[in-house]
Amino acid sequence: MKFSLWTNNGALNSRPVFDAFAHSCVQLGHDVVYNDPSADIDVIWSVLWYGRMAPNKDIWDKAKAAGKNIIVLEVGGLNRGITWKVGLNGINRDAYFGGLHNNSSRADALGLLLKPWRNNENGPIVIACQHSASEQWRQQKRPGTWVFEAIQEIRKHTEKEVIIRPHPRCRIDGIQHEFNNVRIQEPMKIPGTYDDFDFKIEDAYAVVNWSSNPATHAILEGIPVFVGPSSLAYEVGNPDYTTINNPLKPDRTQWLNDIAYTEWTIDEISAGLPLKRLTSEL
């Protein structure tokens, strides 16, 4: 097969991941071209149609219209900056990452640990927002409207403090003045990192998120989540706010074993481990 790597549209930190993926293609006997629409499979960085990645939307739309497979490389949420998502035809729960019902060997090798479920009764409910330009946000209302309606639903059940965490590049403001006990918490960039922001939720009561990495982080930390069906945390999360006063806290063992196969180190990508899993379906 011929893979086209759209490196021109990648984030500034994407090149090592693209290079590792290109190496894996060659090692497994495939052809590699760059920024070429004639290939069998497109490989793009992220489904956030913003900044350098904005041109990927046209590639995505054309591939979908033609019934063509597309591989998405993306920043990981398990060990940010160390592991990277490699998914077929999407990201998060919309993507194919290989078979489920895996054993614990990979989770153990990555050192993934589940902290016990927490019971922070006096903690806040944290709403972790997403960027409106993401494919993951398709068919959603404007982020501000989504947050407003989420708080309206939460307030039907509880008066707990709500903290709104905007996406670093998609501001939300003013909503905190519409409700009691609601405030904005602006993300703070971590010094010395390319694009990492603080997200300390150890004391949170719960995390609300549609489909991005904060929900995965929360589940690993033992914080209940309220998420949409595109979230990788959906199987161990709460689908609506009727359980906000007694959140579901299911067993997460199998979830952890399976989610370990959504992300890979640079060396593993270069060795072709994720590509072998994905191409078994092509």
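Counting neighbouring Cβ atoms within 10 Å and putting the fewest first, the residues V207, V86 line up as V207, V86.
Taking other C-beta atoms within 10 angstrom as a stand-in for reagent exposure, R138, R106 fall in the order R138, R106, fewest first.
Taking the charge dipole of segment 125-251 about its Cα centre, with +1 at Lys and Arg Cβ atoms and -1 at Asp and Glu Cβ atoms, the residue from G237, Q185, F148 reaching farthest to the positive side is F148. Once Rg and the Kirkwood radius are both taken over the C-alpha atoms of segment 69-189, their ratio Rg/Rh works out to 1.02.
Note on L12, L248: ascending count of other Cβ atoms within 10 Å places them as L12, L248, the fewest first.
Its Cα gyration tensor gives the chain an equivalent ellipsoid. The semi-axes, each the square root of 5 times an eigenvalue, are 34, 21, 16 Å from largest down. Each helix, a run of at least 4 DSSP H residues, gives -39500 (n - 2.57); summed and divided by the residues of the chain, these come to -7000 deg cm²/dmol at 222 nm. All Cα-Cα separations within segment 1-148 were binned at 5 Å from zero, giving a P(r) of 2, 8, 15, 19, 18, 15, 12, 7, 3, 2, 1, 0, each value a whole percent of the pairs.
Three principal axis extents describe the C-alpha atoms of segment 202-282; from largest down they are 46, 26, 21 Å. For the peptides 218-225, 157-164, residues were scored by their other Cβ atoms within 10 Å and the scores averaged per peptide; the highest-first order is 218-225, 157-164. Net charge dipole, segment 1-113: roughly 220 debye, given to the nearest 20, about the Cα centre with Cβ charges of +1 for Lys and Arg and -1 for Asp and Glu. For R155, neighbours were defined as the other residues whose beta-carbon sits under 13 Å from its Cβ, and their charges (Lys and Arg +1, Asp and Glu -1) total -3. Considering only G174, L88, S24, and ranking their Cα positions along the charge dipole of the chain that arises from unit charges at the beta-carbon of Lys, Arg, Asp and Glu, the one farthest toward the positive end is G174.
Take the Cβ atoms of K68 and N122, set R0 to 51 Å, and the FRET efficiency comes out at 0.50. The value of relative contact order for segment 125-251, using C-alpha pairs under 8 Å at least six residues apart, is 23 percent. A Cβ-based charge dipole, computed about the Cα centre of segment 125-251 with Lys and Arg at +1 and Asp and Glu at -1, lands at about 340 debye. Within segment 125-251, all pairs of alpha-carbon atoms sorted by distance into 10 Å bins from zero give the percentages 13, 47, 35, 5, 0.
Basic side chains Lys and Arg get +1 at the Cβ, acidic Asp and Glu get -1 at the Cβ, and with that the dipole of the chain about its Cα centre reaches some 300 debye. H23 sits among other residues whose Cβ lies under 14 Å from its own Cβ, and their net charge, with Lys and Arg +1 and Asp and Glu -1, is -2.
With only the Cα atoms considered, segment 225-271 has a convex hull volume of 76 Å³ per residue.
Each value in this text was obtained by applying a stated rule to the coordinates, not by laboratory testing. Remember, it's a predicted structure, so these values are computed and weren't measured experimentally. All Cβ positions, glycine included, derive from the backbone under ideal geometry; neighbour counts span all protein chains shown.
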